[in-house]
Each structure stands twice: as structure tokens, then as C-alpha cells.
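What follows is calculated from the coordinates using simple rules that are stated; it is not laboratory data. Nothing here was measured: the structure is a model prediction, and the numbers come from that model. Note: ideal-geometry Cβ built from the backbone for every residue, glycine included; neighbour counts use all protein chains shown.
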Amino acid sequence: MSSMLPSDKNNPKKPKPEPFGDLMKSMNDFFTEKPIKGFLQSIDDFLKSPLPSGAGFHVDMIEKGDEYLITAELPGVNREQIHLNIAGNYLTITIENNQLETAEDDHSQVYRRSFLRQQSSRTISLPHIINEKRVKASYRDGLLKIRVPLEKGKVIKIDD
């Protein structure tokens with residue numbers, strides 16, 4: 001049985017070939033050459049964006065005394081990008097980011113222009129109709145705070 005194995009008596013220090021060496025090299029080349037490299041770079045740029053994507057920003061709602069306190073963590077977002085909408089018992093927080101990028105050459109001629117639009121929103125449902133005239137909102141240091149007063153309903157007495 002030992003006669004079936006290749007004899008390596010002439011060079012005892014010869015390194016054994018790695019069984020997955022060629023596969024690993026091919027995978028490394030695949031991810032570092034174009035077009036994959038450019039695609040991965042665009043994903044990295046997208047993930048570095050300060051605007052949260054999808055429903056990715058954190059929102060909390062707690063009942064404090066006679067009001068609901070809704071907070072949303074929005075680091076890197078400007079006040080002008082935040083829109084609040086009230087419809088019935090729903091409060092929607094929408095974040096919009098519109099950017100126009102222009103690249104010019106030495107002669108001030110535009111050779112590339114791109115427009116980036118991102119939007120993200122979250123909708124919070126409250127157990128009562130929201131009176132938009134009594135809602136207060138503030139935004140400071142990346143934290144949006146919305147105060148919605150509790151609406152007291154009328155108590156109905158049940159007869160015997």
C-alpha cells in the first residue's frame with residue numbers, strides 16, 4: 001500500500017500544495033477586479049450614507065403622564081429633511097435626502113451630474129385620533145422629540 005503513494009525522498013522539505021489554493025486565489029481575483037470591485041464600492045458608499053434606509057431609524061414611544069413622547073434617532077439628518085404627517089390616529093415621520101452632485105473639468109464644463117434621492121419613513125399608530133394643533137415637535141443633536149397629548153374620552157355610565 002505504501003508503494004502507491006508518491007515517493008518524496010529526494011526533497012523532504014518540499015511544501016505540499018494547498019487543496020483550495022487555486023480556488024481561493026480565483027475568489028480573491030473575482031472580488032478585487034472590476035466590475036465586482038466597483039459594485040462592492042457602491043454598496044460601501046450606500047451604507048456610509050447618514051440617511052437611514054428603509055425603516056432603519058430607531059423610534060420609541062412611551063406614555064408619560066398626560067402625553068405620549070415619541071422619539072426618533074436621526075444622526076446626520078438636517079431639520080429640513082424631516083417631514084411629519086398626521087392622518088387620523090397615525091403619525092408618519094418621513095426623512096428625505098436630495099443631493100445633486102456635479103463634476104466639472106478645468107474649463108468649468110460639466111462632465112458628470114448625478115441626482116441622489118433617498119427617502120425613509122416610519123408610521124406610529126396611536127389609540128386615539130390625534131389633534132394636530134396640540135402636537136409639539138423639536139429636533140436637536142440628532143434626536144427628534146414629538147409630544148402628543150392624551151385625549152380623554154367621555155366615560156359612559158352603565159345603567160342597571
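Say R0 is 22 Å: what FRET efficiency, to the nearest 0.05, do N98 and S125 get from their beta-carbon distance?
0.20
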Quick calc, D160 & R134: beta-carbon distance into FRET formula, R0 35 Å, rounding 0.05, result 0.40
Inter-label distance for Q118 and H83, nm, one decimal - labels placed 7 Å from Cα along Cα-to-Cβ: 1.7 nm
Sort the following peptides by mean Cβ neighbour count (other Cβ atoms within 10 Å, averaged over residues), highest first: 132-141, 77-86. 77-86, 132-141
D (Stokes-Einstein, µm²/s), Kirkwood Cα radius, the range 73-160, 0.692 mPa s at 37 °C: 198 µm²/s
